[in-house]
Amino acid sequence: MKSTLVVLGSLVGGALSLHARHADFHQKKDLIPRELAPGCCKKVVTVTVYEDEAAPTTTVSLTSTEVNVISVTAVAVSTPVAPVVNAQAPYSAPAPAPSAAAPSSAAAPAASSAPASTGGIVANGQKWGFTYTPYSTADGSCLSAGQVLSDLTTIKGKGFTTVRVYGTDCDTLDTVGAAARTVGLKLILGVFIKADGIAAAQSQIPQIVTWGNAGNWDLVVMLVVGNEAISSGFCDGPSLAAFVSSAKSALTAAGQGSIPVTTTEVVSVLGANKGVLCPVVDIVAANIETFFDGSVIAANAGDFAKSQLDQVSGFCPGKTAYNLESGWPMGGPSNGASVASPEAQNAAIADIINKVGDKTVIFSFGNDMWKPAGVDQNFGCIENIVM
C-alpha cells in the first residue's frame, strides 16, 4: 500500500524531528504540516521513504539547516531502502495531491456577498468551543451513546458552550447531537476530507441535511468543510472552494442559509489560498497550534494565538476570524522552547482561553493513545480546564 504523508519537522543537530497530527480521525494514519518561527522556511523538500511496515518508526536525517518543511511518500517494502531527497522551489504551500473536484454544478463557486449570520455563536465569557470525537482514547473505537453523553456533560460542566466535531463517522450526528441537546451545547459540524479526496467526502453533506431536517438545525452554529485538507495533500484550493460552495448551496436549499460555512487550515496554507477561499467562506478560520511553533513558551501561548488570529482576520477583510483548534500537550517530546508537560499545558490553555477563548476551540478532550507514539498522543486537556 502506498500513502502520501506531509510532515513538518525541526532540524536539531542535523536530525529531522517529525510531528504527527490527527489529519484523519477515522483512518488514523495521516501527518500534517506545522509552522515554525517566521522567516525560517527556506526550502521545500520531497522525501520518498521506503520502509518496512513492521518497523515502529522511521528516521529521516537531513544535513541542511535551511530545510524545515518536507513532503514524505511512504511506500511499504520488505527491506528498507535509503530515502531519496529532492530539493524544490522555495516554499509557498504544500503541493496538493490529485483529487476529484466537486460536482460540475459547484465548479465555479459564487462569492459570498452577504456573509451568513454568526448570531448563534455564543461564548460563556472567554470559553467557547471544545473539540470532540466519539472515539475511545485507548484504541480509537466508537464510543456508546452513554459514553458520549458523559463526555459532553463534562465539557458543559467546564463552562463551554459549543462542541466541534470533525465528520459523520461513528454515528457522530446522532450520538453527539443527542448528547449536546441533553446537556445544552451547540455544535460545529464537520465534513471530513480524507486521503480519498473530495468525491468520497460528498456523501456527508446529505447526511447532515437529513439529520438537520429531522429537527436538529437549532443545534448547529457552523459547518466546517475540511480540516487541513489542503495541508494534507487531499485536495487543492480551487477544489476545496468549490466543495465549500456546494455545501453552502445544500444548506441554503434546506432553508439554513444563515448557518456560516467555512473550512480551516494552518495559517500559512490558509494565507496561500486566500484568493480562492475568502470569496466562498462566510467566516475565516484556522487551526492555531501554538506548540508546533517551537519558539513559544506555554505562558505566552495566548499572545501567540492572538497574533496568529489577527493575521487570519486580515486574510479575508470583513469576515470574522475564528481559531478552530488550539491546544498544548501534557507529555511527549518538547519542541524547542515549547515544553510538553502537565504544568506547561495548564499554563498554555489558561493563557489561550484568557486571550482568545471567545473565538477559540480548545483541543482536545482526552489523550489519544491510538495515535502514533509521541507528542500527538498527549493533547488531552479537559482535566486541566479550570472553572
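The values are calculated or read from the model by the stated rules, or taken from the named source; none is laboratory data. The model shown is predicted, which means the values in this text are computed figures rather than measured ones. Cβ coordinates were reconstructed from backbone atoms using ideal geometry, including for glycine residues, and neighbour counts include every protein chain displayed. Surface accessibility is based on the protein's heavy atoms, side chains included, excluding ligands, DNA and RNA. Shrake-Rupley method; radii C 1.70, N 1.55, O 1.52, S 1.80 Å.
Structure values in brief
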| read-out | value |
| --- | --- |
| Checking T133 against (1) farther than 17 Å from E325 by Cα; (2) open to solvent by 20 Å² or more (accessible area, probe 1.4 Å); (3) modelled with pLDDT of 95 or more; (4) assigned to a loop (DSSP other than H, G, I, E, B), the condition it does not meet | (1) |
| When residues of region 170-191 are limited to those that are within 23 Å of A123 (Cβ to Cβ) and either at pLDDT below 95 or among the hydrophobic types (A, V, I, L, M, F, W, C) (or both), the one most open to solvent (accessible area, probe 1.4 Å) | V183 |
| Candidate set: region 192-242, residues that are open to solvent by 20 Å² or more (accessible area, probe 1.4 Å) and charged (D, E, K, R); chosen: the one farthest from L152 (Cα to Cα) | D236 |
| Any hit, region 284-296, residues being more than 29 Å from S341 (Cβ to Cβ), open to solvent by 40 Å² or more (accessible area, probe 1.4 Å) and either part of a loop (DSSP other than H, G, I, E, B) or modelled with pLDDT of 95 or more (or both) | no |
| Residue among Q256, Q308 that is within 18 Å of the chain's Cα centre (by Cα) and open to solvent by 10 Å² or more (accessible area, probe 1.4 Å) | Q308 |
| Residues located in region 131-156, provided they are within 14 Å of G184 (Cβ to Cβ) and in contact (Cβ under 8 Å) with a residue 60 or more places away in the chain | T154, I155 |
| Test: S326 is touching a strand residue (DSSP E or B) at 6+ places or on another chain (Cβ under 6 Å) and either in a loop (DSSP other than H, G, I, E, B) or open to solvent by less than 10 Å² (accessible area, probe 1.4 Å) (or both) | yes |
